[in-house]
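Trainee: Got a structure for you, questions after.
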């Protein structure tokens, strides 16, 4: 039985860190599939405020798998930078899968998190249609860092 599949290592990935409610959410943008992937453990931490979200995810994964939930079987293994700075395999879901997954976790933060996801998707669509604001934002960030 396959619990996670590994996304093709050759895909063009652009890792990013996003913030929700002052918590880090590791993401990867896949240029080829034009999809965001989100770290499941990071999302669990945001929604549950548990001190050890990895354990919560492990238990929830077994429960969902036993129920035949497709979200778990469609989970992707991606390398993302861990807290120790090393690149480690991490369970990740694309935006569509993540919306389904969020329904599995009872949390008052679920709706605000969904709104946040929708905003990220909208920004990416806007960037694809008109890359100029993205370039302007990158230049501004570059100047804030003391360059140029």
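Trainee: Spot the failing condition for residue 90; the list is (1) modelled with pLDDT of 90 or more; (2) farther than 21 Å from residue 35 by Cβ, and only one is missed.
Mentor: Checking residue 90 against (1) modelled with pLDDT of 90 or more; (2) farther than 21 Å from residue 35 by Cβ, the one that fails is (2).
Trainee: Please state which one of 34, 111, 22 is in contact (Cβ under 8 Å) with a residue 60 or more places away in the chain and either loosely packed, with under 12 Cβ neighbours inside 10 Å or on the phi > 0 side of the Ramachandran plot (or both).
Mentor: Only one candidate passes the filter, namely 34.
Trainee: It is to be established whether one or more residues within region 37-57 are buried (at least 17 other Cβ atoms within 10 Å of the Cβ), more than 19 Å from residue 108 (Cα to Cα) and at pLDDT below 90.
Mentor: no
Trainee: When region 76-95 is examined, which residues are found to be touching a helix residue (DSSP H, G or I) at 6+ places or on another chain (Cβ under 8 Å) and either buried (at least 21 other Cβ atoms within 10 Å of the Cβ) or on the phi > 0 side of the Ramachandran plot (or both)?
Mentor: Listed by number, the residues that qualify are 90, 91, 92, 93.
Trainee: May I ask you to say which residue of 124, 137 is surrounded by 14 or more Cβ atoms within 10 Å (Cβ to Cβ), in a helix (DSSP H, G or I) and at pLDDT below 75?
Mentor: 124
Trainee: Inside region 72-85, can you point out the residues that are without any contact (Cβ under 8 Å) to a residue 12 or more places away in the chain and under 18 Å from residue 27 (Cβ atoms)?
Mentor: 79, 82, 83, 85
Trainee: Which of the residues spanning region 37-53 are without any contact (Cβ under 8 Å) to a residue 24 or more places away in the chain and within 15 Å of the chain's Cα centre (by Cα)?
Mentor: 42, 45, 53
Trainee: For residues that are part of a helix (DSSP H, G or I) and touching a helix residue (DSSP H, G or I) at 6+ places or on another chain (Cβ under 7 Å), scanning just region 58-75, find the one that is surrounded by the fewest Cβ atoms within 10 Å (Cβ to Cβ).
Mentor: The extreme case among them is 65.
Trainee: Can you pull out every residue in region 97-108 that is outside any loop (DSSP other than H, G, I, E, B) and exposed (fewer than 14 other Cβ atoms within 10 Å of the Cβ)?
Mentor: 100, the sole residue that qualifies.
Trainee: To continue, here is another question. Output the residues belonging to region 18-48 that are touching a strand residue (DSSP E or B) at 6+ places or on another chain (Cβ under 9 Å) and either in a helix (DSSP H, G or I) or more than 15 Å from residue 117 (Cα to Cα) (or both).
Mentor: Passing the criteria: 30, 31, 33, 40, 41, 42, 43, 45, 46.
Trainee: In region 82-92, what count of residues is obtained for those that are in contact with a strand residue (DSSP E or B) (Cβ under 6 Å, 6 or more places away or on another chain) and part of a strand (DSSP E or B)?
Mentor: 5
The values are calculated or read from the model by the stated rules, or taken from the named source; none is laboratory data. Keep in mind that what you see is a predicted model, and the values were worked out from it rather than measured. Cβ atoms come from the backbone with ideal geometry, glycine included; neighbour counts cover every protein chain shown.
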